[in-house]
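> The structure is given below, and queries will be raised subsequently.
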Amino acid sequence: MTLSLIVAVSKNGFIGKDGSLPWQISEDLKRFRKITSNSVVIMGKNTYLSIGKALPNRENIIVSTTLKSADGCTIVRSLDEAIGLSKENFPSKDIFLIGGYAIYKTGEAFADTLYLTKVDIEVEGDVSLPTFDWESWKEMEREDFFDAGSGINCALIKYEKKS
């Protein structure tokens, strides 16, 4: 079982705008689906609302103090509670923290792995990627790709936490 962050970020540091991604990159969404399938995904309320439903083929956990119910999802009040519940109920499944800002900011301390898609464009945004302690991460794999549908170059980089 690993605990990973998975996020896409623009050249100028944004991960969201008006409650959604500031780009449409089908290749990255396919990679996200492949990487996170058959796992536990933990997200904040706004990330859930932007998706609009539970992600299929995954255990969905939402961290929120105000959301009362969400079909196909478990709602907890803190990231600690979400991680504990995941480890207890799904001990053989990998855990992915999929957003937003507060989940990434708090979750970096718990994560073993980071899947970062660098999107080679500058965008307007209202949610930025938190400042990570990059000295504690080591790049392990990198795959550059071009998304023909959007015309955007990207790099999918896998980092592991240094021991």
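The values are calculated or read from the model by the stated rules, or taken from the named source; none is laboratory data. From a predicted model like this one, the values you see are computed outputs, not experimental measurements. Because the Cβ atoms are built from the backbone with ideal geometry, glycine has one as well, and the counts that use them run over all protein chains shown.
> So in segment 98-127, with the set limited to residues that are of a type in the set (Asp, Glu) and closer than 23 Å to Glu139 by Cβ, which one is nearest to the chain's Cα centre (by Cα)?
Out of the qualifying residues, it is Glu108.
> Which ones in segment 126-163 are within 18 Å of Ile6 (Cβ to Cβ), small (Gly, Ala, Ser) and either touching a Lys or Arg at 6+ places or on another chain (Cβ under 9 Å) or exposed (fewer than 12 other Cβ atoms within 10 Å of the Cβ) (or both)?
Listed by number, the residues that qualify are Ser136, Ala155.
> Considering only residues that are assigned to a helix (DSSP H, G or I) and over 19 Å from Thr113 (Cβ atoms), which ones fall in segment 11-29? Before the answer, list the steps.
The first filter runs over segment 11-29 and keeps only residues assigned to a helix (DSSP H, G or I), leaving 26-29.
Hits for segment 11-29 are Ser26, Glu27, Leu29.
> In segment 100-111, is there at least one residue being of a type in the set (Phe, Trp, Tyr) and in a strand (DSSP E or B)? Break it down stepwise before answering.
Of all residues in segment 100-111, those of a type in the set (Phe, Trp, Tyr) come to 101, 104, 110.
After this cut, where a residue has to be in a strand (DSSP E or B) as well, the list is none.
Looking through segment 100-111, none of the residues is of a type in the set (Phe, Trp, Tyr) and in a strand (DSSP E or B).
> Is there any pair linking a residue in segment 46-59 that is in contact (Cβ under 8 Å) with a residue 40 or more places away in the chain to one that is in a loop (DSSP other than H, G, I, E, B), with Cβ under 6 Å and at least six apart or on different chains, and which?
Partner pairs satisfying both residue conditions: Asn46/Gly100; Thr47/Gly99; Thr47/Gly100.
> Let me ask you something else. Looking only at segment 135-163, which residues are under 17 Å from the mean Cα position of the chain (by Cα) and either free of Cβ contacts under 8 Å to residues at least 40 places away in the same chain or not in a strand (DSSP E or B) (or both)? Full working, then the answer.
Restricting attention to segment 135-163, the residues satisfying the condition of being under 17 Å from the mean Cα position of the chain (by Cα) are 137, 154-161.
Once the filter is applied, which keeps residues that are under 17 Å from the mean Cα position of the chain (by Cα) and either free of Cβ contacts under 8 Å to residues at least 40 places away in the same chain or not in a strand (DSSP E or B) (or both), segment 135-163 yields Trp137, Ala155.
> What pairs come out if I take residues in segment 5-32 that are among the basic types (Lys, Arg) and pair them with residues that are part of a strand (DSSP E or B) and surrounded by 15 or more Cβ atoms within 10 Å (Cβ to Cβ) whose C-beta lies under 8 Å away, six or more apart or interchain?
Lys11/Lys118; Lys11/Val119; Lys17/Val127; Arg31/Thr117; Arg31/Leu156
> Does Arg33 satisfy being modelled with pLDDT of 95 or more, of a type in the set (D, E, K, R) and within 13 Å of the chain's Cα centre (by Cα)?
yes
> Looking at segment 85-102, I want the residues that are in contact (Cβ under 8 Å) with a residue 24 or more places away in the chain and surrounded by 15 or more Cβ atoms within 10 Å (Cβ to Cβ) and have a partner that is assigned to a loop (DSSP other than H, G, I, E, B) and among the acidic types (Asp, Glu) with Cβ atoms under 7 Å, at least 6 apart or on another chain. Which pairs are those?
Pairs found: none.
> Within segment 67-99, how many residues turn out to be within 24 Å of Ile25 (Cα to Cα) and assigned to a strand (DSSP E or B)?
Count: 3.
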